[in-house]
Amino acid sequence: MANLPNTPKLDELTKGPWPSFVSEIKRAAERSDMCKDLLGLLERSYNEKIGHWKHGGIVGVMGYGGGVIGRYTDLPEEFPNISHFHTLRINQPAGWFYTSEALRTLADIWEKHGSGLTNMHGSTGDIIFLGTRTEELEPTFADLTAAGFDLGGSGSDMRTPSACCGKARCEWACYDTMKACYDTTMRYQDELHRPMFPYKWKFKFAGCPNDCVASIARADISVIGTWRDDIKIDQAEVKNYADAGLDIFDDVVLNCPGKCMKWDGNTLEIDNDYCRHCMHCINVMPKALAPGDKRGATVLIGAKAPIIEGALLSSVVIPFIDIDEEYEEFCDIIERMQDIWSEEGKNRERVGEFIQRVGMGNFFEAAEIDLIPEMVTHPRENPYIFFEDYYEEGDEEEEEE
Amino acid sequence: MASEVSVQEVADAMYKMIKDAQGMKKFKAGDLTKAMRDVYGDAADRKTCKAAIKELIDSGRCVYTYFGGSFIEIPHDEGAANK
């Protein structure tokens, strides 16, 4: 057993039925001096209630501006093995599919060059390698590329696109999320590796409105699968659910945000014109209901988690697109919006914040995107667009009066 | 009509701008692109500027840095780094 530091506070976090990051670091510390020092530093932080890390700086690999996040402790004399403890982001495969061999390869590379600790996966979607020294960055990168992996995004660049497992494992997928994610990753390699934007830019591809990648809350561009025809109903299966004890009125009809469902004890009716495509009824009765056949995606812009300013949810740019067939059109619109933001955005201003500053109508006008009434912030809301065409001369004066 | 400007010429102008401001101001890729447009007009379009930045980085004359955002700087010793 390695001589591990005394960590009574951290040990509290090994108790209970759940997996513990402390247990994992302790296991790694039996082979890694970095992890041993990491335990010591963390225990000290818990005692002092102060973080002992500095981040950012110059570190990276040749030619790339993203993928490495510099990290140093401010107590290098006391914890010399983690005086450098840089993070690497590795571009994950779309949908996070790996062979066990690929995972072993990654683990071997990281045990050779770093602490051996990983996050699978970080909130960005990437594989995260935690903790290495500056001189190990290039050798790690060389081994990764030899194994077919590449670094992901960080800093003011396009972040590694991520996608749900889509058609590979999910019957609700309304478009091929993994293909869209892969194509986007390949198309925007320059933007991914060479920071050229005012701040980060994230794509997330969700196959249906369940939005398993939380794109509507996190991604600058959220691509969320949807359908434009009617929900498919199997009335016999609906009856089976009712016979099995499901309270369709309480658990389905009353929970419908569009109030578009009727249940008379035998037949479920849906007024599809008022359906908000929230997927709740489909999730409750997956054998009885399914998205329609005319499937595609809604593209939204402007979400972000709170960092500099508060959280934003995204708003609709393209109400419906068959992204599998119209990928070029999708990219064309994205690039026009990126151009405007790159040109006029302030340092560290996400596109959602930029849109708040300049106004959505002005933003779309500058990006030469036609405004249509379906561009909304929430379903069944008035559009956020002011249609001047509907005003006739003299209307403004009347309003002022 | 805009006159021709080579990628190398733009790269050199960017490098001078970065060097002159070293220690006083950091530039992002967008800052450099806008500055080149002011100097060369439409001849320094986004594609040329992108290629010029790539040349600066791939040649090692400049590096990307991260200090709350991504900047392009001349390689230097990092104050935060532990030796």
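Starting from the Cα of B:Asp38, step 7 Å along the direction of its Cβ; do the same at A:Glu101; then give the gap between the two resulting points in nm.
Going by the 7 Å Cα→Cβ label model, 5.6 nm.
Give the accessible surface of the protein assembly as shown per residue, rounded to a whole number of Å², with probe radius 1.4 Å and ligands, DNA and RNA excluded.
50
Could you sort A:Tyr46, A:Tyr199, B:Tyr66 by their accessible area in this structure, using a 1.4 Å probe and putting the largest first?
Largest accessible area first, the list is A:Tyr46, B:Tyr66, A:Tyr199.
Pick out which of A:Ser156, A:Ser83, A:Ser123 has the largest mean-square fluctuation in a Gaussian network model of chain A, springs linking Cα atoms closer than 10 Å.
Ranking A:Ser156, A:Ser83, A:Ser123 by mean-square fluctuation puts A:Ser123 first.
Shielding of B:55-66 by partners, i.e. mean partner chain Cβ atoms within 10 Å per residue?
Going residue by residue through B:55-66 and averaging, the value is 5.
Rounded to the nearest 500, what is chain A's calculated 222 nm mean residue ellipticity when only DSSP H runs of at least 4 contribute -39500 (n - 2.57) each, over all residues?
-9000 deg cm²/dmol
For the range B:7-82, with equal point scatterers placed on the C-alpha atoms only and solvent neglected, what are the log10 I(q)/I(0) values from the Debye formula at q = 0.15, 0.16, 0.19, 0.26 1/Å, to two decimals?
-0.47, -0.53, -0.73, -1.29
Taking a probe of 1.4 angstrom, what is the accessible area of B:Lys54 in Å², to the nearest 10?
So the heavy atoms of B:Lys54 present about 80 Å² to solvent.
Set the Förster distance to 51 Å, then compute FRET efficiency between A:Glu368 and A:Asp108 from the Cβ-Cβ distance, nearest 0.05.
Efficiency computed from Cβ-Cβ geometry: 0.55.
Can you tell me which aspartates and glutamates have their Cα less than 15 Å from the Cα of B:Lys25? Leave out same-chain residues fewer than eight positions away.
Within reach: B:Glu73.
With every protein chain left in place and a probe of 1.4 Å, what is the accessible surface of A:Phe21, to the nearest 10 Å²?
Accessible area, nearest 10 Å²: 100 Å².
Summed for both chains, how many Å² of accessible area, to the nearest 100, are buried between B and A with a 1.4 Å probe?
Details: alone 5660 and 20660 Å², together 23990 Å².
Its buried surface, counting both partners, is about 2300 Å².
I need the calculated FRET efficiency for the pair A:Ala290 and A:Glu328, taking r as the beta carbon distance and R₀ as 45 Å, to the nearest 0.05.
0.95
Give me the lysines in straight-line cross-link reach of A:Lys204: C-alpha distance below 17 Å, same-chain residues under 8 apart excluded.
Correct list for A:Lys204: A:Lys167, A:Lys179, A:Lys304.
In chain A, if every C-alpha pair distance is counted and binned at 20 Å from zero, what percent goes to each bin?
Each 20 Å bin holds this share of Cα pairs: 23, 46, 27, 3, 0.
Give the separation of the Cα centroids, the range A:297-316 to the range A:317-338, in Å.
Going from one Cα centre to the other spans 17 Å.
For the pairs A:Lys26/A:Lys49; B:Lys26/B:Lys47; B:Lys34/B:Lys54; A:Lys239/A:Lys262; A:Lys9/A:Lys49; A:Lys232/A:Lys262, flag any whose C-alpha to C-alpha distance is greater than 18 Å.
Cα-Cα > 18 Å for A:Lys26/A:Lys49; B:Lys26/B:Lys47; rest within.
If you take every residue apart from A:Arg350 with its C-beta less than 12 Å away from the C-beta of A:Arg350, what net charge results, scoring Lys and Arg +1 and Asp and Glu -1?
+4
Around A:Arg194, under 11 Å between beta carbons, what's the net of Lys plus Arg minus Asp minus Glu among the other residues? Write out the running numbers ahead of the final one.
On the way: positive: B:Lys50, B:Lys54; negative: A:Asp157, A:Asp190, A:Glu191, B:Asp58.
Local charge sum for A:Arg194: -2.
Show me the GluC sites (Glu not before Pro) within the range A:20-59 that DSSP assigns to loop and that have at most 13 other Cβ atoms within 10 Å of their Cβ.
Listed in order of number, the matching sites are A:Glu30.
Which cysteines does chain A leave without a neighbouring Cys Cβ under 4.7 Å?
Among the cysteines of chain A, those whose Cβ sits 4.7 Å or more from every other are A:Cys35, A:Cys165, A:Cys170, A:Cys174, A:Cys181, A:Cys208, A:Cys256, A:Cys260, A:Cys275, A:Cys278, A:Cys281, A:Cys331.
Subtract the Cα-Cα distance of A:Ile307 and A:Asn47 from 0.36 nm times their separation in residues, and report this length gain in nm to one decimal.
On the way: separation 260, 0.36 × 260 = 93.60 nm, distance 2.65 nm.
Roughly 90.9 nm would be gained on extension.
Counting only protein heavy atoms, what percent of the accessible surface of chain A is carbon or sulfur at a 1.4 Å probe?
Heavy-atom surface of chain A belonging to carbon and sulfur, 1.4 Å probe: 48 percent.
In degrees between 0 and 90, to the nearest 10, how far off the longest principal axis of chain B does helix B:7-21 point, with axes built from Cα atoms?
40
Amide H neighbours of A:Asp157 under 5 Å, counting only residues 5+ apart in sequence or on other chains, H built in-plane at 1.01 Å?
The list, which skips near neighbours in sequence, is A:Trp201.
The values are calculated or read from the model by the stated rules, or taken from the named source; none is laboratory data. Quick caveat: nothing in here was measured; it's all calculated off a predicted structure. A quick note on method: Cβ atoms are made from the backbone with ideal geometry, for glycine too, and the neighbour counts reach across all protein chains shown. For the accessible areas, the whole protein counts, side chains as well, though only heavy atoms, and no ligand, DNA or RNA atoms are used. Shrake-Rupley method; radii C 1.70, N 1.55, O 1.52, S 1.80 Å.
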